[in-house]
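K.L.:
Below is a structure I'd like to ask you about.
Readers should treat all values here as calculations from the given coordinates under stated rules, not as data from a laboratory. As the structure is a prediction and not an experimental result, all values here were calculated from the model. In this analysis, Cβ positions are derived from the backbone assuming ideal geometry, glycine residues included, and neighbour counts consider all displayed protein chains.
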Amino acid sequence: MKIMYNLIEKFLEHIKVEKNLSLNTICAYRNDLLKFKDFIENKNLDLNRLEQEDITSFILFLKKKNYSSTSIVRILSGVRNFLKFLLAKGYIENKEISIETPKIEKKLPEVLSKEEIDRILNIDKISRNHIRNLAILELFYGSGVRVSELCNLKINEINFEEGFVKIKGKGQRERIAILNQKTMELLKEYLKSRKNYVCEYLFLNNQGKKLSRQSVWKIVKKYAKFSGIEKNITPHTFRHTFATHLLSEGLDLRIVQELLGHKSIATTEIYTHLERKKVKEIYKKFHPRA
């Protein structure tokens, strides 16, 4: 159904301009909406005649495909916005359909203990790019940057004098990430040892090109494995750990929100749940009646 594909592209163009979204976010929207398109086409449904039970069937279809609750909520959110757009622009006239967001159980993110962080960041040389890799890991833990933000960092965005780096986050929102002393030392050492490649990006592969997200994931997995840590560690684990450790030391939630680049403080509040969980565990361990 080429018509529906074209409508999806019109919607994507609209949100790209309206919300100033990144290419990765637009691609994620497209992938989610194409799942909805395939469902509509396979069931031979008409957008103008969609009923509530059709949405229920779509949810069941996603569950059968083993999508997680979080993914289903995300997909439904995209479909809801897509249908709102079609209605507002007069492409459809179906005003009856509404999409309820199913409740999902919030899973608390995995975090590393301070001892585990020390084990990873003090590991002996296990790669010819050891200094670069340590600089990456220190930057993750020291500033809470996302993997995409790290890969897109440019040399001219680092201010060694003031000890910070400019980060372009989601929706092209800019923020300042603080660089601690150890991170700056490693970055300086890495830049001295880096071959004189003509590339503006900070972290490069052996061919002198920008390091990919997949390569960074492999680095994190490798260093976690050699540190003897069995947790499922990803680059995002360092971001969770960064926030959790700052809050456990008493830093204000609003400041953590700013450091993480969260648009809403509600997103940052998940880390207060982590602290509550830790308090409960300590209580159960030491209280005689627990």
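K.L.:
Starting from a Cα-only point model with no solvent, please compute log10 I(q)/I(0) by Debye for the range 147-222 at q = 0.12, 0.15, 0.16, 0.22 1/Å.
P.N.:
-0.35, -0.55, -0.63, -1.18
K.L.:
For the range 114-285, compute Rh as the Kirkwood radius over C-alpha pairs and then the Stokes-Einstein diffusion coefficient at 25 °C and 0.890 mPa s; write the answer in µm²/s, rounded to an integer.
P.N.:
Working: Rh = 16.9 Å.
So the translational diffusion coefficient is about 145 µm²/s.
K.L.:
Next question, about the same structure. Along the charge dipole of the range 2-88, Cβ charges K/R +1 and D/E -1, which of 87, 27, 50 sits furthest on the positive end?
P.N.:
27
K.L.:
Starting with the fewest neighbours, write out 3, 15, 155 ranked by other beta-carbon atoms found within 10 Å of each beta-carbon. Before the final figure, lay out the partial values.
P.N.:
Values: 3 9, 15 17, 155 13.
Least to most surrounded, the residues fall as 3, 155, 15.
K.L.:
So if I average 1/r over every pair of distinct C-alpha atoms in the chain and take the inverse, what Kirkwood radius in Å does that give?
P.N.:
Numbers: mean 1/r = 0.0455 Å⁻¹.
Result for the chain stands at 22.0 Å.
K.L.:
Sort 234, 272 so the one with the fewest other Cβ atoms within 10 Å of its own Cβ comes first.
P.N.:
Details: 234 17, 272 14.
Exposure proxy ranking, most exposed first: 272, 234.
K.L.:
Give me the one-decimal nm value for the distance between modelled label points at residue 196 and residue 60, 7 Å along each residue's Cα-to-Cβ direction.
P.N.:
Placing both labels 7 Å along Cα→Cβ, they lie 6.8 nm apart.
K.L.:
Can you sort 73, 147 so the residue with the fewest Cβ neighbours within 10 Å comes first? If you can, show how the numbers build up before the last one.
P.N.:
On the way: 73 14, 147 21.
So the ranking, lowest neighbour count to highest, is 73, 147.
K.L.:
Something else about it: So what are the radius of gyration and Dmax for the Cα set of the range 2-88, in Å?
P.N.:
My reading of the Cα-based Rg and Dmax gives 12.7, 34 Å.
K.L.:
Mind checking the full-extension length gain between residue 48 and residue 180? Use 0.36 nm per residue of separation minus the Cα-Cα distance, one decimal, nm. Write down the numbers at each step before the final one.
P.N.:
Numbers: separation 132, 0.36 × 132 = 47.52 nm, distance 5.64 nm.
Going from the current span to full extension adds 41.9 nm.
K.L.:
How do 38-46, 159-167, 76-84 rank on mean C-beta neighbours within 10 Å, highest first?
P.N.:
Values: 38-46: 12.2, 159-167: 14.6, 76-84: 18.1.
Per-residue Cβ counts within 10 Å, averaged per peptide and sorted highest first, yield 76-84, 159-167, 38-46.
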